Amino acid sequence: MPADSRGNDRWFQHVAIIVRDMPAAYAQLRDRGVAHASTGPQRLPDWNPGAGGIEAFYFRDPDGHFLEVLHFPPGKGDPKWQRPSPDLFLGIDHTAIVVDDTDAALAFYRDTAGLAVVGGGENYGPEQEHLNNVFGVRLRITTLRAAAGPGVELLEYRAPRDGRPAPNDLKANDIAHWQITMRGSGLAALLAPSRQFALVSPDVTAIDASALGFTRGLLVRDRDGHAVRIVDGADAISRHDAAAPPSKH
């Protein structure tokens, strides 16, 4: 992972882990010596109707990947995160990726993959600057979800516009490689010449991964270089709860 990776570089991706109590989660992470990517936990301001009251903190895992811990106040986020729990870390809500142009990215994630837009807004101000560690930030956020599973969040930096593009030689065994897994059917239809992505796999590939819930798959990259693995198989629906397109694909 490039040591100088920034929040607005287009290879940026994170996984958002919901926590029951932000101060307790942050204290536990500090006790374990995690590398800060934010200056500290941030409470997003109340003037922002979509995000006001949400607490968030970015850090890095030992390989340099970005992670986020997130706390939703009552009335925000999926209601399941408000259920009483003895656990501090509750589960994964979404993955977030930086895109150059939201509308162009939606041509793949919404129009081809079939995810539904369920929310969005524009964040800015000192709290967002300290969260992303990108100053002068104006961030368009678009949230997409399938019928079940974690969501995909598109992050478009309207300012600053100096985020670097993903390297075009990134390989699947590089530490910097992330991938989103979606499940669906009719993978061959995705190979149409009008496709809104680049192929990594040369074709739909049969694979003995029944223990993981699929038997065929296709690895692609979106227009910003983010990898997406699309899988299907008889057991995929019953065994997996990953972000997934509807059965139209």
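The values are calculated or read from the model by the stated rules, or taken from the named source; none is laboratory data. Everything numeric here is computed off the predicted structure, so don't read it as measured data. Glycine gets a Cβ as well: all are built from the backbone with ideal geometry, and neighbour counts include every protein chain shown.
Quick notes
- Members of the stretch 31-66 that are hydroxyl-bearing (S, T, Y) and in contact with a strand residue (DSSP E or B) (Cβ under 8 Å, 6 or more places away or on another chain): S38, Y58
- All positions within the stretch 188-232 that are among the acidic types (D, E) and part of a loop (DSSP other than H, G, I, E, B): D203, D222, D224
- Residue tally, condition without any contact (Cβ under 8 Å) to a residue 60 or more places away in the chain and surrounded by 18 or more Cβ atoms within 10 Å (Cβ to Cβ), over the stretch 156-176: 1
- Test: residue in the stretch 66-74 that is surrounded by fewer than 14 Cβ atoms within 10 Å (Cβ to Cβ) and touching a helix residue (DSSP H, G or I) at 6+ places or on another chain (Cβ under 7 Å): yes
- Qualifying residue in the stretch 177-194 (condition: surrounded by fewer than 19 Cβ atoms within 10 Å (Cβ to Cβ), farther than 18 Å from A227 by Cα and touching a helix residue (DSSP H, G or I) at 6+ places or on another chain (Cβ under 7 Å)): no
- Scanning the stretch 200-227 for residues that are of a type in the set (D, E) and touching a helix residue (DSSP H, G or I) at 6+ places or on another chain (Cβ under 9 Å) turns up D203, D222, D224.
- Residue in the stretch 17-37 that is nearest to N168 (Cα to Cα), counting only those that are under 20 Å from the mean Cα position of the chain (by Cα) and buried (at least 20 other Cβ atoms within 10 Å of the Cβ): A37
- Pick from the stretch 33-68, criterion free of Cβ contacts under 8 Å to residues at least 60 places away in the same chain and in contact with a Pro (Cβ under 8 Å, 6 or more places away or on another chain), ranking: nearest to L131 (Cα to Cα): P41
- Lone qualifier among R6, R60 - being outside the structural domain of G151 (by TED's automatic domain parsing), out of contact with any helix residue (DSSP H, G or I) (no Cβ under 6 Å at 6 or more places or on another chain) and of a type in the set (K, R): R6
- Unique match (being assigned by TED's automatic domain parsing to the domain that holds T95, of a type in the set (D, E, K, R) and in contact (Cβ under 8 Å) with a residue 60 or more places away in the chain) among E153, E129: E153
Here is a yes/no grid of residues against (1) over 14 Å from the mean Cα position of the chain (by Cα); (2) not assigned by TED's automatic domain parsing to the domain that holds F59:
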position: H94; (1), (2): no, no
position: D103; (1), (2): yes, no
position: D111; (1), (2): yes, no
position: L115; (1), (2): no, no
position: R164; (1), (2): yes, yes
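- Flag for G136 being at positive phi and exposed (fewer than 14 other Cβ atoms within 10 Å of the Cβ): yes
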